[in-house]
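In what follows, a single structure is set out as structure tokens and then discussed.
The values are calculated or read from the model by the stated rules, or taken from the named source; none is laboratory data. None of the values given here were measured: they were computed from a predicted structure. Here the Cβ positions follow ideal geometry from the backbone for every residue, glycine too, while neighbour counts run over all protein chains shown. With ligands, DNA and RNA removed, areas are computed over all heavy atoms of the protein, side chains included. Shrake-Rupley method; radii C 1.70, N 1.55, O 1.52, S 1.80 Å.
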Amino acid sequence: MSDNVREELQKRSEASHSIPFPPYNLPDELQGYHSLVPIEQTPSDRRKFFSWFSTVYRATNANDGLTYALRRVENFRLVHQVAFGAIETWSRVQHPNIVRIREAFTTRAFNDNSLVVSYDYHPNSQTLFDVYLRPKQSTFLQSRFGGATNGIIPEETLWSYIVQIASAIRATHEAGLAVRMIDPTKILVTGKNRLRISSCGIVDVLMYDTRQDVALVQQEDLVMFGRLVFALCCGSLAAMNTLPKALDLMGRMYSADVKTLALYLISKPGPHKNIAQVIEMIGKNRLLDEMDEAQIGVDKLESELTSELENGRLVRLLCKFGFINERPEFAREPRWSETGDRYIIKLFRDYVFHQVDENGNPVVDLSHVLACLNKLDSGTDERIMLVSRDEQSCLVVSYKEVKSCVDAAFSDLSRASR
């Protein structure tokens with residue numbers, strides 16, 4: 001596995017399991033979730049949903065042991081239980097550019113009436129606002145997530161973002177829903193140039209009493225999309241406040257197609273204004289480019305995965321060695337691991353891991369270890385000579401015979417443990 005991929009995966013794993021210090025005054029348990037950790041570290045980072053403040057926590061589900069993101073809306077009293085029907089509909093929406101929603105519930109564990117919605121957790125992700133729009137944003141985040149360090153998003157990257165968001169909107173509208181969260185503070189950058197819209201479904205619950213026509217809020221999705229494009233192109237959330245200046249900057253930095261699409265998105269609603277028309281304006285060439293990049297990315301990941309293919313087999317083999325070698329007693333036999341087939345396993349362990357050179361120095365040769373373990377797992381007929389530490393015993397055996405000894409000894413232990 002390449003160093004970059006390994007480093008990124010390790011950082012995500014650390015982010016999923018890190019323990020905060022000092023401890024936070026949070027509930028120990030919340031509807032089957034435990035180990036709550038705030039993701040937004042400061043009170044000023046609390047996002048507002050209309051009139052309600054919200055906070056995001058990382059938590060572990062007791063049923064499956066997986067980590068989820070819990071968005072809590074503070075001081076919200078649920079009047080109609082049927083409002084959760086939208087959450088059930090959203091939970092059936094599976095799209096690569098939408099953070100999947102799992103469930104929603106109300107709780108008084110925070111000493112108020114809170115609405116909590118559970119989403120898939122994407123560790124080490126940042127919002128578009130954090131990466132591109134936060135004032136005086138450090139170049140570290142921008143470079144880490146594929147942004148431009150001078151604050152200008154490359155047009156190729158911008159079109160990739162537009163295609164991904166348009167695809168998410170299309171899937172949502174076809175499901176009879178509206179996104180209503182096309183906001184840079186709610187869109188996550190979960191990898192290099194990879195976007196996912198988060199916090200979907202919450203507005204449907206919060207605004208259930210003031211239900212609007214779906215077609216109308218779908219039109220609002222397109223306007224929000226246009227505002228986002230202007231913000232990303234101009235590097236400011238206030239870009240729409242001075243539209244002529246924004247159009248001038250956009251015209252100097254990007255192609256005419258970007259400006260045409262952005263103006264169409266913020267135009268007045270109409271019967272022919274829909275996401276299908278937006279995708280047509282993006283153009284098949286850009287859509288095909290995005291698909292090509294996605295498939296290239298899949299090929300790279302498969303190549304990385306292939307390089308790690310043997311790890312699982314070798315770890316299982318090493319675990320068997322750990323169970324068998326040096327076991328102090330088994331079946332009332334203190335020297336069980338030193339007799340019979342187990343003695344051959346011990347000698348093989350020394351052959352693989354405890355070799356020394358002519359000066360008595362340890363030989364640390366990882367390629368020798370991997371070669372021996374792979375041959376053992378395959379059970380080849382190649383024969384090797386095993387010598388005891390006192391050099392009084394010498395056995396010539398094949399890898400196939402050693403494998404039979406390992407399987408037999410491990411089977412004895414497995415039967416006894418049942």
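Can you tell me which lysines have their Cα less than 21 Å from the Cα of Lys284? Leave out same-chain residues fewer than eight positions away.
Partners found: Lys259, Lys273.
So what's the gap between the Cα centers of the range 385-416 and the range 80-117, to the nearest angstrom?
Each part's Cα centre sits 56 Å from the other's.
Would you please put 152-158, 341-347 in order of how densely packed they are, using the mean number of other Cβ atoms within 10 angstrom per residue and starting with the highest? Each step should come with its number before you reach the end.
Values: 152-158: 16.4, 341-347: 20.0.
Listed from highest to lowest mean packing, they are 341-347, 152-158.
Less than 18 Å from a label point 7 Å out along the Cα-to-Cβ axis of Met240: which backbone N atoms in the range 264-282 qualify, by residue?
Output list for this probe position: 264-270, 273-275, 278.
Rounded to the nearest 10 degrees, what's the angle between the helix 311-324 long axis and the longest principal axis of the chain, both from Cα atoms, 0 to 90?
Roughly 40 degrees between the two axes.
Ignoring any ligand, DNA or RNA, what whole percent of the accessible area of the chain comes from carbon and sulfur when the probe is 1.4 angstrom?
On the way: 11930 of 22960 Å².
Ligands and nucleic acids excluded, carbon and sulfur give 52 percent.
Say the dipole of the chain comes from +1 at the beta carbon of Lys and Arg and -1 at that of Asp and Glu; which of Tyr132, Ser13, Gly297 then lies farthest toward its positive end?
With unit charges placed on the Cβ atoms, the residue in question is Tyr132.
Taking the chain as a Gaussian network, where each spring joins two C-alpha atoms under 10 Å apart, which residue of Asn359, Asn285, Asn374 fluctuates the most?
Asn359
With each pseudo-label sitting 7 Å past Cα toward Cβ, what's the Arg170-Val82 distance in nm, one decimal?
Computed distance between label sites Arg170 and Val82 equals 3.4 nm.
Label the range 244-303 by shape, choosing from rounded, prolate and oblate, from the square roots a ≥ b ≥ c of the eigenvalues of the Cα gyration tensor; if a/c is under 1.5 it is rounded, and otherwise prolate applies when a/b is larger than b/c, oblate when it is not.
On the way: a/c = 3.59, a/b = 1.69, b/c = 2.12.
Because a/c hits 1.5 or more and a/b fails to exceed b/c, the range 244-303 counts as oblate.
Near Ile182, within a Cβ-to-Cβ distance under 10 Å, what is the net charge of the other residues, with Lys and Arg +1 and Asp and Glu -1? All intermediate terms of the calculation are to be shown ahead of the outcome.
Working: positive: Arg180, Lys186, Arg227; negative: Asp183, Glu220, Asp221.
Neighbourhood net charge equals 0.
Remind me, what semi-axes does the chain give for its equivalent ellipsoid, largest first in whole Å, using sqrt of 5 times each Cα gyration tensor eigenvalue?
Values: eigenvalues 626, 154, 74 Å².
In descending order, the three semi-axes are 56, 28, 19 Å.
Using Cα atoms only, what is the angle between the long axis of helix 284-307 and the major principal axis of the chain, expressed in degrees (0 to 90) to the nearest 10?
The two axes meet at around 20 degrees.
Rank by packing, highest mean first: peptides 85-91, 118-124, 378-384, with packing defined as the count of other Cβ atoms within 10 Å averaged across residues.
Working: 85-91: 17.0, 118-124: 19.7, 378-384: 12.7.
In decreasing order of mean packing, 85-91, 118-124, 378-384 become 118-124, 85-91, 378-384.
Whole Å is fine, so just give me how far the alpha carbon centre of the range 306-352 lies from that of the range 156-229.
55
Tell me what the chain gives for mean residue ellipticity at 222 nm when only DSSP H runs of n ≥ 4 count, each as -39,500 (n - 2.57), the sum divided by the residue total, rounded to 500 deg cm²/dmol.
Details: 14 runs with 187 residues, N = 418.
It comes out at -14500 deg cm²/dmol, rounded to the nearest 500.
Taking the 0 to 90 degree range and rounding to the nearest ten, how far is the long axis of helix 256-266 tilted relative to the main principal axis of the chain, both from C-alpha atoms?
Around 70 degrees separate the two axes.
What is the local net charge at Pro123, summed over the other residues whose Cβ is closer than 9 Å to its Cβ (Lys, Arg +1; Asp, Glu -1)? Could you put the intermediate results ahead of the total?
On the way: positive: Lys11, Arg12, Arg58; negative: Glu14.
After counting each charged neighbour, the total is +2.
Could you check the simple spin-label distance between Met207 and Thr89, using points 7 Å along Cα→Cβ, in nm with one decimal?
Calculated label separation equals 1.3 nm.
Need one word for the range 351-418: rounded, prolate or oblate. Basis is the Cα gyration tensor (sqrt eigenvalues a ≥ b ≥ c); a/c below 1.5 gives rounded, then a/b vs b/c decides. Can you show the working numbers first?
Working: a/c = 1.84, a/b = 1.67, b/c = 1.10.
Note, shape of the range 351-418 comes out prolate.
Please work out the average accessible area per residue across the chain, using the 1.4 Å probe convention, and give it in Å². Let's see the in-between values first.
Numbers: 22960 Å² over 418 residues.
About 55 Å² of surface per residue is accessible.
Relative contact order for the chain using alpha-carbon pairs under 8 Å, separation at least 6, rounded to a whole percent? Please list the in-between numbers first.
Numbers: 530 pairs, mean separation 40.9, N = 418.
For the chain, the relative contact order is 10 percent.
Expressed as a rounded percentage, what relative contact order does the range 49-129 have, with Cα pairs under 8 Å and six or more residues apart?
On the way: 121 pairs, mean separation 24.2, N = 81.
Taking the mean separation of contacting Cα pairs over the length of the range 49-129, I get 30 percent.
With charges set only on the Cβ (+1 for Lys and Arg, -1 for Asp and Glu), what does the dipole of the chain come to about its Cα centre, in debye to the nearest 20?
Values: 49 positive and 53 negative charges, 292 e Å.
That gives the chain a dipole magnitude of about 1400 debye.
Where in the range 385-401 does the amide nitrogen come within less than 14 Å of the point 7 Å from the Cα of Ala371, taken along Cα to Cβ?
Hits in the range 385-401 for Ala371 at 14 Å: 385.
Could you sort 258-266, 180-188 so that the peptide with the highest average Cβ count within 10 Å comes first and the rest follow in order? Numbers along the way, then the final one.
Details: 258-266: 18.1, 180-188: 21.6.
Packing order, densest peptide first, comes out as 180-188, 258-266.
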